[in-house]
1. Looking at the structure I just gave you, is ARG169 under 21 Å from GLU63 (Cα atoms) and of a type in the set (D, E, K, R)?
2. Answer yes if at least one residue in region 44-52 is within 22 Å of the chain's Cα centre (by Cα) and either among the β-branched types (Val, Ile, Thr) or part of a helix (DSSP H, G or I) (or both), and no otherwise.
3. Test ALA76 against the stated conditions and say whether it is part of a helix (DSSP H, G or I), within 28 Å of HIS118 (Cα to Cα) and either touching a residue at least 12 places away in the same chain (Cβ under 8 Å) or among the polar types (S, T, N, Q) (or both).
4. Let me confirm something: among ALA76, ALA18, ALA61, ALA67, which residue is modelled with pLDDT of 95 or more, among the small types (Gly, Ala, Ser), within 22 Å of the chain's Cα centre (by Cα) and surrounded by fewer than 14 Cβ atoms within 10 Å (Cβ to Cβ)?
5. For the condition among the charged types (D, E, K, R), exposed (fewer than 13 other Cβ atoms within 10 Å of the Cβ) and either in contact with a strand residue (DSSP E or B) (Cβ under 8 Å, 6 or more places away or on another chain) or not in a helix (DSSP H, G or I) (or both), what is the one hit in GLU96, GLU81?
6. Please go through region 164-189 and give me each residue that is surrounded by fewer than 18 Cβ atoms within 10 Å (Cβ to Cβ) and more than 14 Å from VAL87 (Cβ to Cβ), ordered by number.
7. From the list TYR91, TYR103, exactly one residue is outside any helix (DSSP H, G or I), aromatic (Phe, Trp, Tyr) and in contact with a helix residue (DSSP H, G or I) (Cβ under 6 Å, 6 or more places away or on another chain). Which is it?
8. Looking at (1) crowded, with 20+ Cβ neighbours inside 10 Å; (2) over 18 Å from LEU21 (Cα atoms); (3) of a type outside the set (Gly, Ala, Ser), can you tell me which one MET116 breaks?
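The values are calculated or read from the model by the stated rules, or taken from the named source; none is laboratory data. Computed from a prediction, not measured in an experiment: that's the story for all the values here. Positions of Cβ are backbone-derived with ideal geometry, glycine not excepted, and every protein chain shown enters the neighbour counts.
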Amino acid sequence: MLKDVSDATTRERMISTAMTLFRREGYQATSWRRLVEQAGTPWGSAYHHFPGGKEQLAVAAIELGTAVVAKTIRRAFERNETVEDAVSWWYRKAGEALAADGYRGGCPLATITLEMAHASPAITEACRHAFAAWHVLLVELLDGHDAENTEDLATAIVNNLEGALLVSRIRRSPDPLDRAARHVALVTRAGTGEPG
């Protein structure tokens, strides 16, 4: 039983490390050796958990990133009564995380998606699934807030966040995220006919 817990911890540590390194440095720049060393796992254990090597680990890291973002989205809508406030809370948390990481991170999937789109069918499919899962979740949550045009609004929310994270990373400032949240609020109010 103790061995099972240890194995789970080793595997989880490798996945978390991979998510961080791929987000900051990209897939190609992150060697298998660096992943293993950063995770503090033995070579044999690394290959035991990921016999498919770095690509298999990347898919697992993408799945973790998908779950982390989905949890944040749910929390944003649970803690806020309006769509505007939920989006503002989410974008603010993203800005805080980006600043805490020295503006090296951002979305856990953006760097690997841009770098590996169509270079690896497995990674491409994992990224496609991740963005689709966030979209479906947002549509579901927006429906619960009586938002109109939920498909378009869900797309706008993710697209604005991804672009704002990139610009915030370059400018080393959360300001683009604040502006993006205000833009989503305007779009939301325009869709419902509320005054701006």
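1. Here the answer is no, as ARG169 does not meet what is asked.
2. Checked against the condition, which is being within 22 Å of the chain's Cα centre (by Cα) and either among the β-branched types (Val, Ile, Thr) or part of a helix (DSSP H, G or I) (or both), region 44-52 yields no hits at all.
3. It is false that ALA76 is part of a helix (DSSP H, G or I), within 28 Å of HIS118 (Cα to Cα) and either touching a residue at least 12 places away in the same chain (Cβ under 8 Å) or among the polar types (S, T, N, Q) (or both).
4. Sole residue among the options that is modelled with pLDDT of 95 or more, among the small types (Gly, Ala, Ser), within 22 Å of the chain's Cα centre (by Cα) and surrounded by fewer than 14 Cβ atoms within 10 Å (Cβ to Cβ): ALA67.
5. Criteria check complete, one pass: GLU81.
6. Across region 164-189, the qualifying residues are LEU166, VAL167, ILE170, ARG171, ARG172, SER173, ASP175.
7. Only one candidate passes the filter, namely TYR103.
8. Failing condition for MET116: (2).
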